[in-house]
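J.: This is the structure, below, for whatever I ask next.
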Amino acid sequence: MKIVHTIAELRAELAGKTGRAFVPTMGNLHEGHLALVRQARAATPGPVIASIFVNRLQFLPHEDFDRYPRTLENDCRLLEGAGCDYVFAPDERELYPEQQGYKVQPPAELADMLEGHFRPGFFTGVSTVVHKLFNIVQPQIAVFGKKDYQQLMVIRRMVAQMALPIEIIGGETCRSEQGLALSSRNGYLSDAEKAEALRLSATLRALIARWQGGERDLAQLEADALRHLSAHGWQPDYVVLRRQRDLGSPVEGEPLVALAAAKLGATRLIDNIEA
């Protein structure tokens with residue numbers, strides 16, 4: 001495996017190589033990231049490239065950009081074991097040599113709800129850096145985790161509307177033995193908070209169960225789920241039930257997804273469960 005820090009060097013390394021598979025990350029890797037790399041490895045005989053870059057554009061001023069863990073040495077060791085061929089780890093000046101004036105603005109009907117509502121500009125930051133990384137790596141395949149469900153949908157739509165010749169593959173959410181969705185931010189949680197964090201997925205499962213049991217007052221179901229989390233010390237942003245295809249309101253007979261974002265202590269967690 002080779003570690004590359006500049007765009008010019010990566011392009012030189014990849015020249016003439018086809019079947020490129022790409023996994024973009026912000027580092028501080030865990031088993032969920034490695035599963036995506038292994039999925040990429042299984043999808044192509046060509047090179048697998050992972051990027052490690054903490055993207056300032058997708059952080060709000062009050063969020064954890066400065067304290068987000070940077071663990072490049074350990075990340076590279078893990079990536080090599082997962083079958084990665086190249087790690088692209090640019091510094092900020094390499095990827096943004098000047099202020100990024102040109103940005104990719106996703107459609108409001110998808111990007112301004114849920115995560116986009118509570119984190120304004122988040123999906124513009126994500127779309128801009130991912131589009132830029134796609135231009136640099138020029139992959140034929142890119143793998144994104146379903147844990148960031150709305151993000152995966154935004155990327156899929158961007159690729160379709162921009163006619164990018166890239167197949168987007170969604171990787172299933174990896175969970176601990178207890179059921180907690182793996183996240184780089186789980187490292188912020190105390191032991192007691194990690195135990196309590198299981199309530200988030202349990203709340204989503206309960207929401208789905210009530211809907212599948214025939215209850216149809218969606219506003220009441222979602223409000224009950226919010227109150228349940230709040231009663232146990234959470235600060236929820238949203239707990240919703242939506243249809244999978246476009247995150248619109250549930251429709252009878254269509255696949256559904258329950259999604260939530262909430263702060264536990266100082267740590268904001270997200271999760272989703274398909275149904």
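The values are calculated or read from the model by the stated rules, or taken from the named source; none is laboratory data. If you're wondering where the values come from, they're calculated on a predicted model, not measured in any experiment. Quick reminder, even Gly has a Cβ in these numbers, built from the backbone with ideal geometry, and neighbours come from all protein chains shown. Areas reflect the complete protein model, heavy atoms only, side chains present, ligands, DNA and RNA absent. Shrake-Rupley method; radii C 1.70, N 1.55, O 1.52, S 1.80 Å.
J.: What pairs come out if I take residues in segment 259-275 that are at positive phi and pair them with residues that are outside any strand (DSSP E or B) and charged (D, E, K, R) whose C-beta lies under 7 Å away, six or more apart or interchain?
T.: Close Cβ pairs satisfying both conditions: 265/193.
J.: Still on this structure, I have one more. Please go through segment 1-14 and pick out each residue that is exposed (fewer than 14 other Cβ atoms within 10 Å of the Cβ) and touching a Cys at 6+ places or on another chain (Cβ under 6 Å).
T.: Across segment 1-14, there are no qualifying residues.
J.: Still on this structure, please answer the following. Any idea which residue in segment 152-165 is nearest to residue 42 (Cα to Cα), counting only those that are outside any loop (DSSP other than H, G, I, E, B) and open to solvent by 40 Å² or more (accessible area, probe 1.4 Å)?
T.: Checked segment 152-165; the qualifying residue nearest to residue 42 (Cα to Cα) is 156.
J.: Being surrounded by 15 or more Cβ atoms within 10 Å (Cβ to Cβ), over 19 Å from the mean Cα position of the chain (by Cα) and modelled with pLDDT of 95 or more: is that true of residue 218 here?
T.: yes
J.: Here's a follow-up. Kindly provide the set of residues from segment 166-181 that are open to solvent by 50 Å² or more (accessible area, probe 1.4 Å) and either at pLDDT 95 or above or assigned to a strand (DSSP E or B) (or both), ordered by number.
T.: 167, 172, 175
J.: Looking only at segment 130-149, which residues are open to solvent by less than 10 Å² (accessible area, probe 1.4 Å) and over 19 Å from residue 19 (Cα atoms)?
T.: Residues satisfying the conditions do not exist here.
J.: Find all pairs meeting these conditions: Cβ atoms under 9 angstrom apart; at least six residues apart or on different chains; first residue within segment 169-186 and closer than 24 Å to residue 67 by Cβ; second residue part of a loop (DSSP other than H, G, I, E, B) and of a type in the set (Val, Ile, Thr).
T.: Between residues of segment 169-186 that are closer than 24 Å to residue 67 by Cβ and residues that are part of a loop (DSSP other than H, G, I, E, B) and of a type in the set (Val, Ile, Thr), the close pairs are 181/173; 182/173.
J.: As an exercise: evaluate residue 229 against (1) in contact (Cβ under 8 Å) with a residue 60 or more places away in the chain; (2) more than 22 Å from the chain's Cα centre (by Cα); (3) under 25 Å from residue 59 (Cβ atoms) and give the number of the one condition it does not meet.
T.: Only one criterion in (1) in contact (Cβ under 8 Å) with a residue 60 or more places away in the chain; (2) more than 22 Å from the chain's Cα centre (by Cα); (3) under 25 Å from residue 59 (Cβ atoms) is unmet by residue 229, namely (1).
J.: In addition: Could you please find all residues in segment 101-119 being part of a loop (DSSP other than H, G, I, E, B), touching a residue at least 24 places away in the same chain (Cβ under 8 Å) and touching a helix residue (DSSP H, G or I) at 6+ places or on another chain (Cβ under 7 Å)?
T.: 103, 104, 106, 114 - these are the residues of segment 101-119 that are part of a loop (DSSP other than H, G, I, E, B), touching a residue at least 24 places away in the same chain (Cβ under 8 Å) and touching a helix residue (DSSP H, G or I) at 6+ places or on another chain (Cβ under 7 Å).
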